[in-house]
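Here is the structure we will look at, set down as structure tokens.
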Amino acid sequence: MMREEPLVSICCITYNHEPYIREAIEGFLIQETDFPLEILIHDDASTDKTAEIIKEYEQKHPDIIRPIYQTENQYSKSVKPNPAYNFPRARGKYIALCEGDDYWTDPKKLQKQMDTMESNPECTMSAHAVKIKYEGRNISDGLLRPKCKNSVFTTDEIILGGGGYLATNSLVFKKNIIKNLPRFYLEAPVGDTPLILLCAAEGSVYYIDECMSVYRTNVPGSWSERVLKDRDKSKEHLIKMFQMYEQFDVYTKQKYSPSIRRQVSKRTKDYLRCYSDYHGFSKTQLNNMLDKLTIKDSIIYSWHRMVLDTTKVVIKRITR
């Protein structure tokens, strides 16, 4: 029998997270709230023991843990598990995100975010500071802390911050925001960046300056490992992100065009710097050329689809 309607639906997507999924689920279960919640887990046909661990927790907490166990991997079919499987079945007024290789550390995390959002009706999303843990590397933990005090982000700040500005496992947002998802969200290569943009455009994004979760990076088999460390896949990702920003510009009726142009310019420069060796330039040569690259250059290339071969076009322009 289902409990009373939850205020928050925790949406977790996981794939081959055997070493991490327990910590993620425990982070959900330690939450101390004065409202009911549910835990929606989507296992994307893991080939390790991830599903077994989830089933163990499901048997212990059948009233709040509601898993989906895929027999075929959906991500490989270009299906986004959260909007396809978790969001439609979420019963809460709000949705909280955390992937299976991350975890929450503060038992009051959801309560603090709900207190903020329920008392500010215009707030469509809340986020907080996050500890960054570098898996398999001898590097001290970092901290993703975009501001040094509780704040309300402007839409321009969200655009300029880019995808790494707010950690996914810190996000809680109003479910009604995703009732009719726009094109720029549906066609984007990722889910978190367009979601944050959508919430910023439709309301206010509140930031709580407290570290309440851990984001793991460099996890074997993760999206960042598979995409961002492959220059061809990284270039394809860049193209799709440019198209997403173009569609967002249309969606917001060019209200934030200057900030969008600056973000596109930054992404172009970052890509060129990262893969300078791929184009036969040393880092010094490339940095000297990039000093000549203007915001107008980048926006022209992306908006007119010349971004389909961004590097060649930009290099030709700035070296002539």
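The values are calculated or read from the model by the stated rules, or taken from the named source; none is laboratory data. Bear in mind that the values here come from a model prediction, so they are computed numbers and not experimental data. Glycine gets a Cβ as well: all are built from the backbone with ideal geometry, and neighbour counts include every protein chain shown. The area values use the complete protein model at the heavy-atom level, side chains included, leaving out ligands, DNA and RNA. Shrake-Rupley method; radii C 1.70, N 1.55, O 1.52, S 1.80 Å.
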Selection within segment 186-208 - open to solvent by 30 Å² or more (accessible area, probe 1.4 Å) and either in a helix (DSSP H, G or I) or of a type in the set (D, E, K, R) (or both):
Leu186, Glu187, Asp192, Ala201, Glu202
Just wondering, is there one or more residues in segment 267-286 that are at pLDDT below 75, in a loop (DSSP other than H, G, I, E, B) and within 19 Å of the chain's Cα centre (by Cα)?
no
If we scan segment 100-121, do we find a residue that is within 23 Å of the chain's Cα centre (by Cα), more than 21 Å from His17 (Cβ to Cβ) and either among the basic types (Lys, Arg) or in a strand (DSSP E or B) (or both)?
yes
When both residues are 6+ apart or on different chains and their Cβ atoms are under 8 Å apart, which pairs have a first residue that lies in segment 5-24 and is farther than 26 Å from Glu118 by Cβ, and a second that is polar (S, T, N, Q) and in a strand (DSSP E or B)?
Ile21/Thr14
Does segment 79-97 contain at least one residue that is surrounded by 18 or more Cβ atoms within 10 Å (Cβ to Cβ), in a helix (DSSP H, G or I), at pLDDT 95 or above and among the charged types (D, E, K, R)?
no
Only one residue in Gln74, Gln59 is out of contact with any Ser or Thr (no Cβ under 8 Å at 6 or more places or on another chain), at negative phi and free of Cβ contacts under 8 Å to residues at least 12 places away in the same chain. Which one?
Gln59
Give Ile132, Ile177, Ile158 a once-over and let me know the one that is touching a residue at least 12 places away in the same chain (Cβ under 8 Å), in contact with a Leu (Cβ under 7 Å, 6 or more places away or on another chain) and farther than 26 Å from Lys240 by Cα.
Ile132
Please verify whether segment 153-171 includes one or more residues that are in a strand (DSSP E or B) and under 30 Å from Ser259 (Cβ atoms).
yes
By residue number, the members of segment 159-178 that are modelled with pLDDT of 90 or more, under 24 Å from Val8 (Cα atoms) and not small (Gly, Ala, Ser) are Leu166, Thr168, Asn169, Leu171, Val172, Phe173, Lys174, Lys175, Asn176, Ile177, Ile178
Just give me the residues in segment 188-241 being modelled with pLDDT under 85 and aromatic (Phe, Trp, Tyr), in sequence order.
Trp223
Give the residues of segment 121-146 that are open to solvent by less than 40 Å² (accessible area, probe 1.4 Å) and modelled with pLDDT of 95 or more, sorted by residue number.
Cys123, Thr124, Met125, Ser126, Ala127, His128, Ala129, Val130
Subset of segment 1-15, residues open to solvent by less than 50 Å² (accessible area, probe 1.4 Å) and of a type outside the set (A, V, I, L, M, F, W, C), comes to Pro6, Ser9, Thr14
In segment 22-78, the residues that are open to solvent by less than 20 Å² (accessible area, probe 1.4 Å), within 20 Å of Ser9 (Cβ to Cβ) and either part of a helix (DSSP H, G or I) or touching a Cys at 6+ places or on another chain (Cβ under 8 Å) (or both)
Ala24, Ile25, Gly27, Phe28, Ile39, Leu40, Ile41, His42, Ile54, Tyr57
